[in-house]
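Here is the structure we will look at.
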Amino acid sequence: MVLSIGFLGIGIILLIYGARLLVDGGSSLAKRLGISPLVIGLTIVSFGTSAPELVVNVVASIRGSAEIVIGNVIGSNIMNLLLILGISAVIFPLKVQSSTVWKEIPMSLLAALAVIIMANDAFIDGLTLNILSRSEGLVLLFFFIIFLYYTYGISKVVGEGPEVRVFGKGRSALMVLGGLTLLFLGGRAAVSGGVDIARALGVSEALIGFTILAMGTSLPELAASAVAAWRKQMDIAVGNVIGSNIFNIFFILGTSTVISAVPFKSAFNLDLGVLLLGTLIAFLTLFVGKRHVFERWQGGVFVGLYVTYLAFIIARG
């Protein structure tokens, strides 16, 4: 048990540090190639903060740990939406651009709704088993391509992106290689430790995915949004959360199900419902009080909702 906890902890640390190296090294190389800071922020930085979730899910898919695949994605998205967005709003009220209100948040809502429809074969099609198939994974990846096209379009009209620190070409390449290596090792260690802990405690792997793994892999998003809110970079604070949620479902869950079809337990519909309802509440919140602003008190409500959800899933086991 102690060894398993150690593997999990080391794995999460390696995932976080590996993502940081990948972002810094990749951003430096891109800057040297003349790519704009905004495009770097919308691609490399977004990918880097979601890389821990991607690696954990790919490893879990290869191992056949379907509950971790589902739990990590849904748990990370709920944490992003309620806890990270809530904490960021508490730090500083977040004014949201019109494009985020009317395009990106609805796209995040569409992503959650698409998974609910795809995962409930027994209810919708009358089949005996709920499963996210490889073909449905490909559909999610096609949605991701549309999202990338949209991102490329707004990169031409939105202002500057995050500051990029430039290193030498050799050092940048080594940082990218080192980041990828740490992500691979960290993903294996985190999944192995998480599965062993679940078996030792007699709880489901899903609980580990919804809680410990979701929290650990979401730490880069928490750091990015909290720092952005502190610096009053509101677009980055909000965009990181919403963009990550879209990325997690369309790309990470899509990639995971293409690797291996994922059985879906009906009990997870409640968690998907929390994600769907939370996204809808986030949208409606922007029309309560100050228009298109997440206020501090609303951020506090979001954090309270996450704590309530966390207590529920722990009690559920």
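The values are calculated or read from the model by the stated rules, or taken from the named source; none is laboratory data. Since the structure is predicted, the reported quantities are computational estimates derived from the model, not experimental observations. For neighbour counting, all protein chains shown are included, and Cβ atoms are generated from backbone atoms with ideal geometry for every residue, glycine included.
Here are the numbers for the structure shown:
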read-out: Verdict on Val96 being touching a His at 6+ places or on another chain (Cβ under 9 Å), in contact (Cβ under 8 Å) with a residue 60 or more places away in the chain and buried (at least 17 other Cβ atoms within 10 Å of the Cβ); value: yes
read-out: Exclusive hit being among the small types (Gly, Ala, Ser) and crowded, with 18+ Cβ neighbours inside 10 Å, set Ser266, Ser256; value: Ser256
read-out: Cβ-Cβ under 6 Å pairs, at least 6 apart or on other chains, the stretch 71-84 side in a helix (DSSP H, G or I), far side of a type in the set (Phe, Trp, Tyr); value: Gly71/Phe210; Gly75/Phe210; Leu82/Phe302; Leu82/Tyr306; Leu83/Tyr306
read-out: Residue in the stretch 141-163 that is hydrophobic (A, V, I, L, M, F, W, C), in contact with a helix residue (DSSP H, G or I) (Cβ under 7 Å, 6 or more places away or on another chain), buried (at least 19 other Cβ atoms within 10 Å of the Cβ) and modelled with pLDDT under 85 present; value: no
read-out: Residue that is nearest to the chain's Cα centre (by Cα), among those in the stretch 127-155 that are among the small types (Gly, Ala, Ser) and closer than 22 Å to Ile70 by Cβ; value: Gly137
read-out: Candidate set from the stretch 224-242 (those that are modelled with pLDDT under 80 and more than 22 Å from Trp102 (Cβ to Cβ)); member that is surrounded by the most Cβ atoms within 10 Å (Cβ to Cβ); value: Ala224
read-out: Residue in the stretch 233-241 that is part of a loop (DSSP other than H, G, I, E, B), out of contact with any helix residue (DSSP H, G or I) (no Cβ under 6 Å at 6 or more places or on another chain) and polar (S, T, N, Q) present; value: yes
read-out: Residue count for the stretch 293-317, restricted to those that are at positive phi and without any contact (Cβ under 8 Å) to a residue 24 or more places away in the chain; value: 0
read-out: Residue, surrounded by the most Cβ atoms within 10 Å (Cβ to Cβ), within the stretch 287-317, restricted to residues that are touching a strand residue (DSSP E or B) at 6+ places or on another chain (Cβ under 7 Å) and among the hydrophobic types (A, V, I, L, M, F, W, C); value: Phe294
read-out: Filtered residue count, the stretch 286-316, keeping only those that are at pLDDT below 90 and not in a loop (DSSP other than H, G, I, E, B); value: 3
read-out: Scope the stretch 78-121; condition over 16 Å from Phe147 (Cβ atoms) and aromatic (Phe, Trp, Tyr); matching residues; value: Phe92
